[in-house]
1. How high is the relative contact order of chain A, in percent, with contacts defined as C-alpha pairs under 8 Å that are six or more residues apart?
2. Bin width 5 Å, origin at 0, all Cα-Cα pairs of the range A:389-461: what percent of pairs per bin?
3. How far, in degrees from 0 to 90, does helix A:9-22 lean away from the longest principal axis of the Cα atoms of chain A, to the nearest 10?
4. Please report the spacing between the Cα centers of the range A:78-121 and the range A:323-391 in Å, no decimals.
5. About the Cα centre of the range A:593-660, how large is the charge dipole given +1 on each Lys and Arg Cβ and -1 on each Asp and Glu Cβ? Please answer in debye to the nearest 20.
6. Considering only A:Ile355, A:Gln449, A:Asn877, whose Cα is most displaced toward the positive end of the charge dipole of chain A, charges sitting on Cβ of Lys, Arg (+1) and Asp, Glu (-1)?
7. When only Cα pairs under 8 Å and 6 or more residues apart are kept, what is the percent relative contact order across the range A:175-250?
8. Across 10 Å bins from 0, what is the distribution of all Cα-Cα pair distances for chain A, in whole percents?
Amino acid sequence: MEIAKAYNPKEAEESHYQKWEAAGCFKPELNENPNAEKYSIVIPPPNVTGSLHMGHALQHTLMDVLTRRKRMQGFKTLWLPGTDHAGISVQRKVVEQLRKDENKSPLDIGREEFIRRAWKWKEEYGNTITEQMRREGASVDWSRHRFTMDESLSRAVREVFCTLYEEGWIYRGLRIVNWCPKDKTVLSDLEVKEETKKDGKLTYLQYPVKNSDRKITVATTRPETMLGDTAVAVNPKDERYKDLIGQMIELPLTDREIPIIADEYVDSEFGTGAVKITPAHDPNDYQVGERHNLPQILVMNDDATMNENAGEEFVGLDRFKAREKVVEKFEELGLLEKQDDYEISLPVCERCKTIVEPILSEQWFVKMDEMRDIALELVKNENAPRFFPEVPHAKVYTAWLENLKDWTISRQLWWGHQIPAWYDEQGNVFVARTFEEAKAQAGTENLKQENDVLDTWFSSGLWAFSTFGWNGEITETEDLNTFAPTDVLVTGRDIIFLWVSRMMMMTKKFVNKIAFNDVLVTGTVLGKDGKPMSKSRGNGVDPIEMFDKFGVDATRIYLASIATGADIKWNDLLIETYRNFANKIWNAARFCLMNSEGASVDISLLKLDENATIADKWIISRLNKTAQAVNKAIDTYQFHEAVRLLYQFFWNDFCDWYIELVKDSISEQSAVSGEPTEEAEDRRPKTKDQLEARSRILTILEQALRLLHPFMPYLTEELWQKLPNVSSDLHNAAYKNAAQTVMLADFPLGDEKLIDERAGAEMQAVIDVISKIRNIRAEMQIKPSDRFPIHIAADAEAQKIFTANEAQILKLARAEKLVLAETLDVPKASAKAVTSVAEIAVPLEGLIDFEKETARLENQVAKLEKESEQLNKQLSNANFVDRAPAEKVQELRDRVAEIENQTQTLKQNLEALK
RNA sequence: GCCGACUUAGCUCAGUGGUAGAGCACUCGCUUCACACGCGAUAGGUCACAAGUUCAAAUCUUGUAGUCGGCACCA
């Protein structure tokens, strides 16, 4: 069989995905077992404007690993894909396109046309991420792909909105909201980020008190808002200002008089102890204003320029220009006390980084008090979704819920779910599922629908059940019954509040189920500089580039290997480790296949019977142990542990030892003549044993490929297809009639009965001997081509093991012959070593460097003595011997005895050198 | 200000009560017929610091320092 010398990921990545998809392998319906248990995951919908970033790549890898393994185990498995409509982002893209191509604004073309264009944009550019997911190898059921603006999901949104409104959970009201002047829409608290600015200024303004020559000084970071001030507040207990309470201030730059009021909110210790109150431009001031019935004067337009309420001099000015001008004017009036440098943190729009303006505005809100109770109740409940890692996420989640504010859900956009509310001419509002219903309610046709659309996260909040067909009209579907709640939600820390919590609440409220059983919170993949990857920092790493450079499989298993839950710094060098690993797997398979003539995968060879050698029993044992541990690790979301186990098994056990140990017995030249064969010569197995050995190694390889498949789907499929005589016999029983692919092969669980500790110990004895001799060779700088006899002293039982593995020892230690005896009888010019069951000598007449050998042995004695010292210290502690478990004590005693034995031998050897 | 996480070999990280681990980098030796994306052999750590619990602490408790994150405040 011709196989390339190195693994070429691109080749393997080209065809398999299409074949899997075409064969329906991703669909739960492929499972023919009517009693199969289900396993389901719904993807956190990526933003339709987005492209794959490292966080997606990580999360998708984990979801795919989970899904693929369960599918192989015969579960009725569904991983449901989808995207969200990303209101603001898409709106911005379309606005930009309009401006660039036609120099038009949305208003020029009207709402209907704008939405038509947005859909067109979505059709044209919205598939980037879904295409990239195919490259990732994501085994999602594309036939169930959902988009938050699909008809049914939109129906669900209207239903939920109306129900919540009818039950009093949704209200419309005038509140201080976060306003993005660039996007000209309101934002929820969670879409606003804080940015610390060191060059802020705290400006002290003096306000003259009416009928007095006193002035009262207020401090502010936003001087322009003073144009909307309607009071100055002081603490009622503040002696400095007590006498001023109730008096009026002549507000500079305006013709208004505003009162000095007393309110507990004011902290006398901070600033001047007097606070300007601008109810229309500050949330705290708004509260104060409510308590004191203050007027609310809005001084800004929706683009953050000043409006006519700000006065003639300021109208039309940008807020920052207005700020400068206010300060200048105060200076002219002699009322500017001072300006201090001040470190300030500013709220900015998460997407466009524009400074958000708190502003009084009429919006739609979801009341969160009852929602919060639902959510808190949910996490206290025994069946609550479990967070992984549990700490700190469950705690953070609870803490956040406890001081949750109402959620602003309206957005001043056109792209999204238009709010199903209509106004009559008097401004009365009618919330209804359809226009027809609204008309019936209003008793008139003269209605105008609410312009605003809903926050994208409102529809995302329904994702756990709207994706399964629930839309209010249809409340029960087969998918919902079968797949909800999903088994696990895999997501990042950043959207626990924004999305996870809301989804939990909504799911409980509308389908009375928990949304998912587990919540796996992944760490953040940070840039090389240890900071989150971002475009502005330029420290991002593009997963697609990594796929091109190292292969999809290497990237996937690398990502799985770092999925500990903690944040992780990106490191190219580590991906390389797994690129190398992929190549190692390729080459191990290449070796097996080059010597597979006549052989076939045969599960019945994975037995600990008398035909199996020690090496066979050992590798079968290791395979089963590994399979057990890998399953346990994945069950508990310890992906890094699963990867470590697989890496160690495949490289250290299978490649480094097993292949080397059986090499001669399976390869062409050995069995009969021991001479190398000619290229053209017959490659058929020479003996029945050789045939069996060839089949056995193929079978072990095949098992390993299955175990690796969830992590490295392409490589494993590519190799599995090359194996001789693989067939659907290897499939899980649920897929007997399905296409032949490793992705439906039965996932090995590991069989306790096939774990043989004795074979492990015996193998270790052989490995120890080989390692010791290799050490001697390296330290004595013996040429690889030089061959020497090896003398081994051991008891009868150990001798049997060495005899059975004589050929292997000779080959791997590059020795000429093995001399076994009860005791050593060798020339003085020998290098010596000792293992737990054997004493080894390599006669090196004329080659031995006595000084070096002495140093080598002394080094080993020193190591042993150091260990022995530690152990003896423990053993001489009476408390330890009395109180520690007897088993532990015995363990140490045994070890000490062994060390002393070995030390003794080494010391004798040292003596002999003199 | 409150809460949390982290601090282990040069680097990136595993390791939740019983003799300190991996990968990469470093040193030495190998083009040995699967693989130089490789093979073999070394070297490298008072597990941030301090106290406590325990027969036994990298691991549990408390405190300190540093780093990072979340939340609150920010006139």
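Every number here is computed from the coordinates shown, using simple stated rules; none is lab data. A quick note: this is a predicted structure, and the numbers were derived from the prediction, not measured. Virtual Cβ from ideal backbone geometry, glycine too; neighbours counted across all protein chains shown.
1. Details: 1556 pairs, mean separation 112.0, N = 914.
Across chain A, relative contact order equals 12 percent.
2. Final binned percentages: 3, 15, 17, 14, 14, 11, 8, 7, 5, 4, 2, 0.
3. Relative to chain A, helix A:9-22 is tipped by roughly 70 degrees.
4. Rounded to whole Å, the Cα centres lie 28 Å apart.
5. On the way: 6 positive and 10 negative charges, 63 e Å.
For the range A:593-660, the charge dipole is close to 300 debye.
6. With unit charges placed on the Cβ atoms, the residue in question is A:Asn877.
7. Values: 58 pairs, mean separation 17.4, N = 76.
That works out to 23 percent.
8. Spelled out bin by bin, chain A gives 2, 10, 15, 17, 16, 13, 9, 8, 6, 4, 1, 0 percent.
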